[in-house]
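Peer 1: Shown below is the structure under consideration.
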Amino acid sequence: MKEHALPTLMTSKVSAFRLNILRAYYALMAFGTIALFWPDLVSHTDTWGIETGAQYSLLAALSPLSLLGFRHPLKMLPLVVFEFLWKALWLLFVVLPLWRNDAMTENVWANVFAVSIAIILTPIVMPWRYFMETFVVSPAERWR
């Protein structure tokens, strides 16, 4: 009974407005990945290698998980962090070196815009206090 009381108390700290902002963010993630990745995933050519196939599969998997986030916005917060982190890492380790070497292409620039939206929005919509209390500071689940 004690385990159930803790998440309920923490949930009450997140306002309904913030929950609905999160739902809008999950919807953006879901429909963005559905529109961008699913068409190519289901109708790709034989020229796709393992890297492209893995990339598209991984990113397409974000859409059903984002739909779960629409229903359970707080339980799916690690997905928002994942979305932020992969985009931040891509900007840091792929785009920055390309930019420094003056090797940016039109495709990279187009993706920089799309990725930057999440980099800007995530810190704004994320209920950081709740995230830290729930996923970082709270006791870990038992091992046995």
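Peer 1: Among the residues in segment 38-50, are any over 24 Å from residue 138 (Cβ atoms), within 14 Å of the chain's Cα centre (by Cα), exposed (fewer than 15 other Cβ atoms within 10 Å of the Cβ) and of a type outside the set (A, V, I, L, M, F, W, C)?
Peer 2: no
Peer 1: If residue 103 satisfies every condition in (1) free of Cβ contacts under 8 Å to residues at least 24 places away in the same chain; (2) outside any loop (DSSP other than H, G, I, E, B) but one, which is the exception?
Peer 2: Unmet condition: (2).
Peer 1: Please state which of the following conditions residue 136 fails to meet, knowing it meets all the rest: (1) of a type in the set (A, V, I, L, M); (2) modelled with pLDDT of 95 or more; (3) more than 18 Å from residue 63 (Cβ to Cβ).
Peer 2: With respect to (1) of a type in the set (A, V, I, L, M); (2) modelled with pLDDT of 95 or more; (3) more than 18 Å from residue 63 (Cβ to Cβ), residue 136 is out only on (2).
Peer 1: Suppose we keep only residues that are without any contact (Cβ under 8 Å) to a residue 24 or more places away in the chain and part of a loop (DSSP other than H, G, I, E, B) within segment 110-144. Which one would you say is surrounded by the fewest Cβ atoms within 10 Å (Cβ to Cβ)?
Peer 2: My answer is 144.
Peer 1: Anything in segment 36-63 that is β-branched (Val, Ile, Thr) and not in a helix (DSSP H, G or I)? List them, or say none.
Peer 2: Selection gives 45, 47.
Peer 1: Another one. Of the residues that make up segment 59-73, is at least one out of contact with any helix residue (DSSP H, G or I) (no Cβ under 6 Å at 6 or more places or on another chain), within 23 Å of residue 18 (Cα to Cα) and hydrophobic (A, V, I, L, M, F, W, C)?
Peer 2: yes
Peer 1: Let me ask another. Considering only residues that are hydrophobic (A, V, I, L, M, F, W, C) and surrounded by 10 or more Cβ atoms within 10 Å (Cβ to Cβ), look in segment 94-109 and name the one that is farthest from residue 55 (Cα to Cα).
Peer 2: In this case the residue turns out to be 99.
The values are calculated or read from the model by the stated rules, or taken from the named source; none is laboratory data. If you're wondering where the values come from, they're calculated on a predicted model, not measured in any experiment. Don't worry about glycine lacking a Cβ; one is built from the backbone with ideal geometry, like all the others, and counts go over all protein chains shown.
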